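Student: Got a structure for you, written out below as structure tokens; questions coming shortly.
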Amino acid sequence: MKPADWFAFVLLSALWGASFLFIRVAAPAFGPAFLMDVRVWLAGLSMLLFTTLTGKRISFRGRVKSLLLLGALNAGVPFTLIAAAELEIPASLTAMIIGTTPMLTAVAASLLGEEEMTFRKTVALLAGLAGVGVLVGWTPIPLTFDSLLAAGVAFLAACCYALGGIYVSRKFQGVPALTMAIGQQLGAGVILLPLALSRLPRAAPPAEAVWALLALTFFSTVLAYLCYFRLIRNAGPTTTLSVNFLIPVFSLVGGVLWLGETVGWGTWVGLALVSLSLMFVTKSGDGGRRKSGTEKRALLR
């Protein structure tokens with residue numbers, strides 16, 4: 001990659017890693033559903049304005065229903081689940097659980113008959129599940145029913161991302177990434193709107209929560225997607241997918257430095273196992289001559 005592409009790669013990892021920190025700050029004040037509905041509406045409309053100002057063309061014709069479902073699977077539901085989980089568990093732990101998404105995508109593809117369940121994917125599954133077990137079982141936070149439930153909710157969000165990836169593969173072949181990204185955000189906004197209106201904040205959110213929401217929207221969503229599109233175009237999906245190695249690291253470091261979260265030896269062991277799972281999923285089995293279906297599906301978040 002060129003230096004500018006390396007910068008975009010690191011920046012994308014940092015922006016998506018920081019999103020967990022912003023959610024941790026904003027979710028208690030806004031509530032998970034309202035926070036995420038505002039996020040996706042602002043992000044979707046901002047990206048739509050960007051395409052208009054730059055002369056790019058997108059079309060949702062004939063894809064409204066599929067974009068609504070994509071918005072639910074790949075944004076609205078997992079975003080809200082992540083925010084709900086972070087009401088109870090640290091941002092860094094949530095990010096590492098979400099890091100199992102590529103592994104879950106590979107498993108889902110195998111169960112649905114789209115790809116063979118190879119030895120490499122089996123190792124990825126075992127390593128990923130072991131990583132989640134170590135992360136949750138040896139976390140420095142007290143193991144209560146609420147914290148275990150929150151970890152399960154975060155894992156369910158990763159499952160939604162995996163199913164969303166499969167849906168992209170089946171329904172959006174040849175559709176530009178920008179069209180999917182904007183349609184996904186706006187579709188999620190529509191899906192979340194009834195729940196968000198029924199869960200309005202009970203009091204005016206503090207300034208730090210408002211700033212966290214704005215940062216989540218314009219940095220971790222809009223700017224992140226601009227970096228994402230550049231990397232897809234210049235470096236390809238395999239390289240772009242490898243940002244998943246760095247996202248939990250940025251979230252972990254940020255959680256410790258800015259949110260005062262604590263980590264123990266189990267955090268590092270769990271992170272290593274989740275990273276091993278990701279490595280086995282993303283490693284090309286054919287010498288790099290073609291991109292695997294898992295790599296293609298696990299990108300659009």
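Student: Which members of segment 197-214 meet the condition of being closer than 14 Å to L42 by Cα and surrounded by 18 or more Cβ atoms within 10 Å (Cβ to Cβ)?
Tutor: A212, L213
Student: Going by what's in this entry, would V10 be described as of a type in the set (A, V, I, L, M, F, W, C), part of a helix (DSSP H, G or I) and modelled with pLDDT of 90 or more? Full working, then the answer.
Tutor: Working: of a type in the set (A, V, I, L, M, F, W, C): yes; part of a helix (DSSP H, G or I): yes; modelled with pLDDT of 90 or more: yes.
For V10, the condition - of a type in the set (A, V, I, L, M, F, W, C), part of a helix (DSSP H, G or I) and modelled with pLDDT of 90 or more - is met.
Student: Which of the residues spanning segment 231-278 are touching a Pro at 6+ places or on another chain (Cβ under 8 Å) and modelled with pLDDT of 85 or more?
Tutor: G255, L259, E261
Student: Tally up the residues in segment 220-233 that are aliphatic (A, V, I, L, M), more than 16 Å from the chain's Cα centre (by Cα) and surrounded by fewer than 19 Cβ atoms within 10 Å (Cβ to Cβ), please. If you could, list the steps in order and put the result at the bottom.
Tutor: From segment 220-233, those aliphatic (A, V, I, L, M) are 222-224, 226, 231-232; that's our starting set.
Filter once more, so that each one left must be more than 16 Å from the chain's Cα centre (by Cα): 231-232.
Narrowing further to those that are surrounded by fewer than 19 Cβ atoms within 10 Å (Cβ to Cβ): 232.
Here the count works out to 1.
Student: Still on this structure, please answer the following. When you look at V190, is it surrounded by 14 or more Cβ atoms within 10 Å (Cβ to Cβ), among the β-branched types (V, I, T), modelled with pLDDT of 95 or more and within 18 Å of A91 (Cα to Cα), yes or no?
Tutor: Details: surrounded by 14 or more Cβ atoms within 10 Å (Cβ to Cβ): yes; among the β-branched types (V, I, T): yes; modelled with pLDDT of 95 or more: yes; within 18 Å of A91 (Cα to Cα): no.
No; evaluated as a whole, the condition is false for this residue.
Student: Any idea which of (1) surrounded by fewer than 22 Cβ atoms within 10 Å (Cβ to Cβ); (2) within 17 Å of G164 (Cβ to Cβ); (3) in contact (Cβ under 8 Å) with a residue 60 or more places away in the chain; (4) charged (D, E, K, R) is the one K56 doesn't satisfy?
Tutor: For K56, the exception is condition (2).
Student: Any residue that is assigned to a helix (DSSP H, G or I), open to solvent by 10 Å² or more (accessible area, probe 1.4 Å) and either touching a strand residue (DSSP E or B) at 6+ places or on another chain (Cβ under 9 Å) or under 18 Å from F7 (Cβ atoms) (or both) - is there at least one of those in segment 267-275?
Tutor: No, that holds for no residue.
For every residue, the table says whether it meets (1) closer than 17 Å to M96 by Cβ; (2) not in a loop (DSSP other than H, G, I, E, B).
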| site | (1), (2) |
| --- | --- |
| V132 | yes, yes |
| V136 | yes, yes |
| P142 | no, no |
| L148 | yes, yes |
| G152 | yes, yes |
| A157 | yes, yes |
| Y161 | yes, yes |
| G165 | no, yes |
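Student: Something else now. Could you grab me the full set of residues in segment 144-176 that are open to solvent by 40 Å² or more (accessible area, probe 1.4 Å), more than 20 Å from S66 (Cα to Cα) and among the polar types (S, T, N, Q)?
Tutor: T144
Student: Which condition breaks for L111 when tested against (1) open to solvent by 40 Å² or more (accessible area, probe 1.4 Å); (2) touching a residue at least 24 places away in the same chain (Cβ under 8 Å); (3) farther than 10 Å from L273 by Cβ?
Tutor: (2)
Student: Right, next: Here's a check for you: in segment 135-166, which residue that is at pLDDT 90 or above and among the aromatic types (F, W, Y) is nearest to A108 (Cα to Cα)?
Tutor: If we take residues in segment 135-166 being at pLDDT 90 or above and among the aromatic types (F, W, Y), then Y161 is nearest to A108 (Cα to Cα).
Student: Given the residues T179, T217, which is the only one that is hydroxyl-bearing (S, T, Y), modelled with pLDDT of 95 or more, out of contact with any strand residue (DSSP E or B) (no Cβ under 9 Å at 6 or more places or on another chain) and open to solvent by less than 70 Å² (accessible area, probe 1.4 Å)?
Tutor: Values: T179 fails: modelled with pLDDT of 95 or more.
Going through T179, T217 in turn, the sole match is T217.
The values are calculated or read from the model by the stated rules, or taken from the named source; none is laboratory data. Computed from a prediction, not measured in an experiment: that's the story for all the values here. Cβ coordinates were reconstructed from backbone atoms using ideal geometry, including for glycine residues, and neighbour counts include every protein chain displayed. To get the accessible areas, we keep the full protein, side chains included, count just its heavy atoms, and leave off ligands, DNA and RNA. Shrake-Rupley method; radii C 1.70, N 1.55, O 1.52, S 1.80 Å.
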